[in-house]
Amino acid sequence: MDENKELDDELAALTDDLLDGRQPKATLPEVEELGSVVRQVQRTIAPDQAASPIFRDRLEMRLNLEWNRVYPRRQRFWTQRQFQYAAAASVVLVAGILALTLTKPGNDLLQAATGGQTSPVIIAAIIVGVVLGAALLFLRLRR
Amino acid sequence: MFPELSDEALVRQAQQGDWDSFQALYDRYLNKVYNRVKSRIPPEDVEDVTQDIFVVVVHALKGFEARSRFNTWLYTIVNRQIADYYRRRYRKGENAADDLEMVEDTIPAGGGGQENLDEQIEVQAAIQRLPEHYQEIILQRFADGLTFEEIAQQRGQSLEAVKSLYRRAIQAVRDQIGGEPDG
């Protein structure tokens, strides 16, 4: 048992030396014999090459695709397309109704809010709102 | 990425759909898997087989229940994919000769002459004929580059037991090369 332990330790040390590029020193004849087998194994399967960066990147892209199939990303409701269509359409609709209501001559609400005058700033803000909402809707529908 | 996290912690996060955790595992194991495949598969197919292995891992990861260590599970997939590769080759009728012919393709030509090439083919065939636990410890030390301490830690064995297993594995390679039965 002790003899085997000595053999085990010496063979392990010889292997470490070889793999670390140091000059191995064996005192037991059997370790010397097994050392030549270790050298042969090292020549055959030592990790002398890593995967190329090109292969690594290509594989990572492929795995990312597979990953998204297995673990589809949960979308927040405001990032979902249907919600965005509805929101954009609502902006256009509300802005349109506001524009029609507030710019109607003799509108009490507008006159109360603006001190009797229809403010060009309010009208411009409504027009900008309509244009932005329409643009958003157009962009979403185009995709 | 995540150098402080264990494989098992990364797996748990990956199982929740965390791509970054999976990527950390991928970075940790790509070269080890690649080297293992390279030592057993013809060079022209090494990348394809490595890719197949990781695709299988992505699909099977949800079902991994951590009854074994992650790398044990991973290397089981590696071994199964390599076996599948040779089964497909045999089915196609390619290279359906003996082990020696099979491994001949895996050794890159050049850099040592025909004698060296013959020796490498012989050693590789000898390793392929070993029982799996002998093959595994040789691959851990040479292909994965693990120290004996790390191997002992991974296998949950004492350092003495690992060194003893390694010595018996090397003796078995010697016996295979010499045509003697392994002990």
Restricting attention to region B:53-68, report how many residues are surrounded by fewer than 17 Cβ atoms within 10 Å (Cβ to Cβ) and in contact (Cβ under 8 Å) with a residue 12 or more places away in the chain. 3
By residue number, the members of region B:95-151 that are on the phi > 0 side of the Ramachandran plot and modelled with pLDDT of 80 or more are B:GLY145
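Going residue by residue through region B:60-77, is there one that turns out to be in a helix (DSSP H, G or I) and modelled with pLDDT under 75? Spell out the reasoning first.
Start the filter on region B:60-77 by keeping residues that are in a helix (DSSP H, G or I), which leaves B:60-63, B:70-77.
Filter once more, keeping what is modelled with pLDDT under 75: none.
No.
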Pairs, please: C-beta under 9 Å, at least 6 apart or cross-chain, first residue more than 7 Å from chain A (Cβ to nearest Cβ) and without any contact (Cβ under 8 Å) to a residue 60 or more places away in the chain and in region B:129-145, second outside any helix (DSSP H, G or I) and among the polar types (S, T, N, Q)? none
Take the conditions more than 19 Å from A:ARG56 (Cα to Cα), more than 8 Å from every other protein chain (Cβ to nearest Cβ) and surrounded by fewer than 16 Cβ atoms within 10 Å (Cβ to Cβ) and apply them to B:GLU8. Does it pass? yes
Among residues of region A:62-91, those that are at pLDDT below 70 and either within 14 Å of chain B (Cβ to nearest Cβ) or in contact with a Cys (Cβ under 6 Å, 6 or more places away or on another chain) (or both), counted: 2
Select from region B:18-43 the residues that are part of a helix (DSSP H, G or I), within 16 Å of B:GLN81 (Cβ to Cβ) and more than 9 Å from chain A (Cβ to nearest Cβ) and list them in ascending order. B:TYR29, B:VAL37
Can you name the residue in region B:44-68 that is within 20 Å of A:ASP57 (Cβ to Cβ) and polar (S, T, N, Q) and, of all such residues, is farthest from the other protein chains (Cβ to nearest Cβ)? B:THR50
Restricting attention to region A:19-53, the residues that are more than 10 Å from chain B (Cβ to nearest Cβ) and closer than 21 Å to B:ILE53 by Cα number exactly 1
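The values are calculated or read from the model by the stated rules, or taken from the named source; none is laboratory data. The structure displayed is predicted, hence computed values, not measured ones. Virtual Cβ from ideal backbone geometry, glycine too; neighbours counted across all protein chains shown.
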